[in-house]
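So the structure is just underneath, and the comments pick up after that.
The values are calculated or read from the model by the stated rules, or taken from the named source; none is laboratory data. These figures come from a predicted structure and were not determined experimentally. For neighbour counting, all protein chains shown are included, and Cβ atoms are generated from backbone atoms with ideal geometry for every residue, glycine included.
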């Protein structure tokens, strides 16, 4: 599209998700990568345009915004790990057979499998593969199954290479939470380790393979599913940034990527705040920029490390999870990032973690024009709605829930934290009615569900509230399809602080558009995952067409 030219993109139905909705065929006028106008198709003859792109019977809407993803990690996992996720592998025997069939994919002495969160609950055996069972696949190769980012199962060789034996003592902190090595009655490691993935010597990818993994992953995991903006939690100090920068500037990656530097996982807080001194990017800032800082205040539920106000239902009756950040550390994070103009995103799964984070944040003097502070996973498990939302309000935070987790693991949470949790998860209807800005994000990482980066899985989860095994959560908290679409467009943009540039079809916003094969508002809830993205436009330029693929 030449500079100053106007392209009219027409479809039989346009969903603006903004203040200017209308029925029937519509046209989005695009000029210099921005939305120039949105009008009914009947007005096209009276408009000035240079080119018409007619999408026919398709539905046109804003591109999806995923404000919380680990795209680099997920892309590399898809590229280099053996997929043993349920329901593809439905039993432990299936898992072992799949690993045996893929022994030729061993790299640097390791064979790593990717499994789901709560893997033991999703397999028909209702347990993890044992260390001895993994040894039966190979005792010479280090075999690891990464069941999400918080728990892994290792065979004997993997334990040996990791230096884990009967006398091993875990460090106090491993970025995602307090590490733990599970042991049998004799004190020997069972092979299950939690919050230790960053401490284990898993093989990496060289530059060539990493580039191929990331560029293929962004396209196949995000672009083809209509995600045009990604809030990316960094996994590496420089490689990820370099790969994104090279791919975007060369036109091989078609997405807007906002980087959240993970501290202390990939950078120190000082390095993050001084990123302009070391991160020189060739890409247009509208396509790639460092947006904020991510920090962990607690761990995950599957590892029993999310910090709760009540003890977990299993164990000794005293485990309430672990807080990973002190009040002083939270205050320093908030003050330093505000001064640097960076958005702070704090991972806080459990209610106790959220309450303590909010209490610390409430004491921080904030700039009126400073970036919003986010709490990742706030809104997922809400055991005391008035207490938590009051704390959020006092701290002035934006909750960033993941509706797709309804499908991922909502049915398993009561077994871990107690029966009281069954009807206290994902109160999306109440949050929307109380005017909280609710978003939807994938939080895709190692061990995510098949299709987790497809926003329609998350949309279907928010609308139907169906879990992995088809159970249904409290239907009083269902939202409409239209509201769910807004959560995954405007809601995601708000979480990023970018609602003025994307999320709706309005004049002056980025012309990041997607076309669908049907209108999701007219699709039964159990068929929402079948809605297909057929075309993707970034800044008005076509970057994906399913017909051409």
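Of the strands (runs of 3 or more DSSP E) lying entirely inside the range 1-54, those carrying at least 3 residues that are under 22 Å from residue 489 (Cα atoms) and either in the same structural domain as residue 543 (by TED's automatic domain parsing) or touching a helix residue (DSSP H, G or I) at 6+ places or on another chain (Cβ under 7 Å) (or both) are 6-11, 26-31, 34-40.
Check the range 422-429 and report whether any residue there is modelled with pLDDT of 95 or more, assigned to a helix (DSSP H, G or I) and within 16 Å of residue 483 (Cβ to Cβ).
Yes, there is a match, as at least one residue in the range 422-429 is modelled with pLDDT of 95 or more, assigned to a helix (DSSP H, G or I) and within 16 Å of residue 483 (Cβ to Cβ).
Taken over the range 226-265, the criterion of being in contact with a strand residue (DSSP E or B) (Cβ under 9 Å, 6 or more places away or on another chain), in a loop (DSSP other than H, G, I, E, B) and buried (at least 18 other Cβ atoms within 10 Å of the Cβ) is satisfied by 226, 234, 235, 253, 254, 255, 263, 265. Within the range 414-427, restricting attention to residues that are surrounded by fewer than 23 Cβ atoms within 10 Å (Cβ to Cβ) and in contact with a strand residue (DSSP E or B) (Cβ under 8 Å, 6 or more places away or on another chain), which residue is farthest from residue 361 (Cα to Cα)? Selected residue: 421.
Give me the pairs: first residue in the range 428-444 and on the phi > 0 side of the Ramachandran plot and surrounded by 22 or more Cβ atoms within 10 Å (Cβ to Cβ), second residue at pLDDT 95 or above and outside any helix (DSSP H, G or I), beta-carbon distance under 7 Å, and six or more apart or on different chains, which are they? Note: pairs meeting the criteria are 443/68; 443/69; 443/402.
In a residue-by-residue description of the range 315-336, the property of being under 22 Å from the mean Cα position of the chain (by Cα), surrounded by 24 or more Cβ atoms within 10 Å (Cβ to Cβ), at pLDDT below 95 and part of a strand (DSSP E or B) applies to no position. Quick one: would you say residue 283 is touching a residue at least 60 places away in the same chain (Cβ under 8 Å), in a loop (DSSP other than H, G, I, E, B) and in contact with a helix residue (DSSP H, G or I) (Cβ under 8 Å, 6 or more places away or on another chain)? No; evaluated as a whole, the condition is false for this residue. If you check 166, 213, 180 for being under 30 Å from residue 286 (Cα atoms) and surrounded by fewer than 21 Cβ atoms within 10 Å (Cβ to Cβ), only one passes: 213.
Do any strands (runs of 3 or more DSSP E) entirely within the range 493-549 hold 2 or more residues that are surrounded by fewer than 18 Cβ atoms within 10 Å (Cβ to Cβ), and if so, which?
Of the strands (runs of 3 or more DSSP E) lying wholly inside the range 493-549, those with at least 2 residues that are surrounded by fewer than 18 Cβ atoms within 10 Å (Cβ to Cβ) span 541-545.
Could you list all residues from the range 367-387 that are touching a helix residue (DSSP H, G or I) at 6+ places or on another chain (Cβ under 6 Å) and surrounded by fewer than 21 Cβ atoms within 10 Å (Cβ to Cβ)? Those that are touching a helix residue (DSSP H, G or I) at 6+ places or on another chain (Cβ under 6 Å) and surrounded by fewer than 21 Cβ atoms within 10 Å (Cβ to Cβ): 367, 370, 383. Step by step: first the residues of the range 1-24, then only those that are more than 23 Å from residue 500 (Cβ to Cβ) and modelled with pLDDT of 95 or more, then the one that is surrounded by the most Cβ atoms within 10 Å (Cβ to Cβ). Which residue is that? Step by step, filter the range 1-24, then rank; the result is 11.
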